[in-house]
Amino acid sequence: MVGAGPAGGDLARRLALEGVDVVLVDRLGDLTRSAFSSAALPIETMASLGLPAEVVGSRWRQWQLIGPGSATRTWASPQPLGVVLDFGALRQWQADQCRRWGGRVELGLQACSSHQEGERMVTVLRRSDGTTLRVSSDWTVDASGQARALLGDPPPAQRPRDGLVRAAGLEWLLQVSPACWERWADRLSFCLGSDWVPQGYGWIFPMQPGVLKLGVCRLVDPQRRQPPLGGLIHDLGRRLLAGGEGGNACGEPLAVLDRHGGLVRSTIRRREAHQRGRLVGLGDAVSTANLLGGEGIRHALTSSAVLAPLLQQALSAPGRSSSGQPAERALRDYAPQLRRALGWRWSLSGRLARHTWLGLHGPGADGRLDQVLRGLENRRAEDLSALLFGYRFERYGLRAMPYLLGWR
Ligand SMILES: Cc1cc2nc3c(=O)[nH]c(=O)nc-3n(C[C@H](O)[C@H](O)[C@H](O)COP(=O)(O)OP(=O)(O)OC[C@H]3O[C@@H](n4cnc5c(N)ncnc54)[C@H](O)[C@@H]3O)c2cc1C
């Protein structure tokens, strides 16, 4: 298993639990470091995907949308609606589980290539001192995230709209006073509108007491000159936390504990090959990240829940099955099953993401977004969760669909 992110870590622990001989490798030397993901999830994911309380940074029960302009809207629920995970703790917990069930975890190893020799895979790994190691296995899983280290990028699409859509994100972990933390606790806050983050959005999420996550993310648009993310995040911090804008400002200098970030890359239609012989892709490596809210953890975990039983079946069919079919045919249901598990709304929301974020670069788009948000003002916080996490756009009526799909 190459990559100890949410996808690879989850598959490794599931297979180890079933007694499969698993080796999980990652180029990171320490899984608690480089915790690039903001890791907001709906609360029901915790139980449905079997995540423990120890990976939770904080819980939230409110949505706060700041912008376009100075408008601030909040929706509160009496019940917790979601969690913000400690992403490093999640990866560490998954790796520990894999070890406890008898799997091996080897860190500081970068996968360079992988090829099939007969019925076996040979994967070449490089240590930090430059020396290499060859690992022979029945199967190799590329769970290296958007890097797609072994499967590679899908070939240039026949139709440009099927290509990889990229979003770039940057996040700072901030130490704040208890009073400041209280103002942002209990809620997911997003900044929307071109005067905050053109072609994207900003956020403040609470972590453990005294720590906030401040972030910006936007779709990459090769047609436009885009301002650097570093400047945008600095401005956001100045306006929302250090300075005087918005009701939640704290008037404190920014104390940055950690800076991290990364890319999210997905195809919208997800038609790329999920497998090449005995090499199989998982999580972001096969475009499970959704670009609407830059959200990929639960979808990566879903891909592992779909693949685990299929891979187990394939492992119990040595070489060729009795019908003479190569064992890799055992995974032919993987891509269609995953497509069904993600659902038709997943792909709809990807199209909506491209339309919404790429178009958000001026007052006209801000005005349209403001209108949509005004229409949501009388809804409950749970409805917003259903819209933003469940992608239930059809609830807003068929008349809204053409706008949402970008036909208007
Ligand atoms: C700034 C930002 C904010 C985000 N916020 C959220 C959010 O709030 N909620 C949410 O659900 N999702 C969020 N995401 C997306 C989410 O983090 C990803 O979709 C998710 O982590 C994908 O999981 P994965 O296991 O497929 O890949 P990854 O988490 O990317 O894991 C891949 C692993 O593979 C390793 N690796 C890569 N190449 C190699 C190699 N050659 N050899 C060995 N190891 C390798 C990497 O070190 C990494 O540990 C965010 C992403 C970013 C960038």
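The values are calculated or read from the model by the stated rules, or taken from the named source; none is laboratory data. All of these numbers come straight from a predicted model, not from anything done at the bench. Note: ideal-geometry Cβ built from the backbone for every residue, glycine included; neighbour counts use all protein chains shown.
Assorted remarks:
- Set side by side, the residues 365, 335, 314, 381 differ, and just one is surrounded by 14 or more Cβ atoms within 10 Å (Cβ to Cβ), of a type in the set (Gly, Ala, Ser), closer than 24 Å to residue 194 by Cα and at pLDDT 90 or above, which is 365.
- Any chance residue 292 is at pLDDT 95 or above and either within 16 Å of the ligand (Cβ to nearest atom) or part of a helix (DSSP H, G or I) (or both): no
- The residue that is surrounded by the fewest Cβ atoms within 10 Å (Cβ to Cβ), among those in the stretch 1-60 that are among the basic types (Lys, Arg) and more than 28 Å from residue 122 (Cα to Cα), is 33.
- The requirement of being within 14 Å of the ligand (Cβ to nearest atom), over 21 Å from residue 214 (Cβ atoms) and not basic (Lys, Arg) is fulfilled nowhere in the stretch 246-260; no residue meets it.
- Among the residues of the stretch 66-92, just one is basic (Lys, Arg) and surrounded by 21 or more Cβ atoms within 10 Å (Cβ to Cβ), namely 91.
- Scan of the stretch 66-93 for residues that are in contact with a strand residue (DSSP E or B) (Cβ under 7 Å, 6 or more places away or on another chain), under 16 Å from residue 298 (Cβ atoms), among the hydrophobic types (A, V, I, L, M, F, W, C) and not in a loop (DSSP other than H, G, I, E, B), ordered by number: 83, 84, 85
- Any chance residue 221 is charged (D, E, K, R), more than 25 Å from residue 61 (Cα to Cα) and either within 15 Å of the ligand (Cβ to nearest atom) or touching a Phe, Trp or Tyr at 6+ places or on another chain (Cβ under 9 Å) (or both): yes
- Residue that is modelled with the lowest pLDDT [pool: residues in the stretch 42-93 that are within 15 Å of the ligand (Cβ to nearest atom) and among the β-branched types (Val, Ile, Thr)]: 45
- Selection count, the stretch 1-36, where residues are under 17 Å from the mean Cα position of the chain (by Cα) and under 18 Å from residue 150 (Cα atoms): 8
- The condition (being within 30 Å of residue 210 (Cβ to Cβ) and either surrounded by fewer than 21 Cβ atoms within 10 Å (Cβ to Cβ) or at pLDDT below 95 (or both)) is satisfied by just one residue among 182, 171: 182.
- Residue that is farthest from the ligand (Cβ to nearest atom) [pool: residues in the stretch 7-41 that are more than 16 Å from residue 135 (Cβ to Cβ) and in a strand (DSSP E or B)]: 41
Every residue, every condition in (1) without any contact (Cβ under 8 Å) to a residue 60 or more places away in the chain; (2) touching a Pro at 6+ places or on another chain (Cβ under 8 Å), yes or no:
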position: 38; (1), (2): no, no
position: 43; (1), (2): yes, yes
position: 47; (1), (2): yes, no
position: 52; (1), (2): yes, no
position: 55; (1), (2): yes, no
position: 59; (1), (2): no, yes
position: 79; (1), (2): yes, no
position: 86; (1), (2): no, no
position: 96; (1), (2): yes, no
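- Pairs are defined by a Cβ separation below 6 Å, a sequence spacing of at least 6 or placement on different chains, a first member in the stretch 130-145 that is over 18 Å from residue 281 (Cβ atoms), and a second member that is of a type in the set (A, V, I, L, M) and assigned to a strand (DSSP E or B); the pairs so defined are 132/124; 133/125; 134/122; 134/124; 136/122.
- Residue within the stretch 235-253 that is surrounded by fewer than 17 Cβ atoms within 10 Å (Cβ to Cβ), touching a residue at least 24 places away in the same chain (Cβ under 8 Å), under 14 Å from residue 174 (Cα atoms) and not hydrophobic (A, V, I, L, M, F, W, C) present: yes
- Within the stretch 94-136, considering residues that are part of a strand (DSSP E or B) and β-branched (Val, Ile, Thr), the one farthest from the ligand (Cβ to nearest atom): 122
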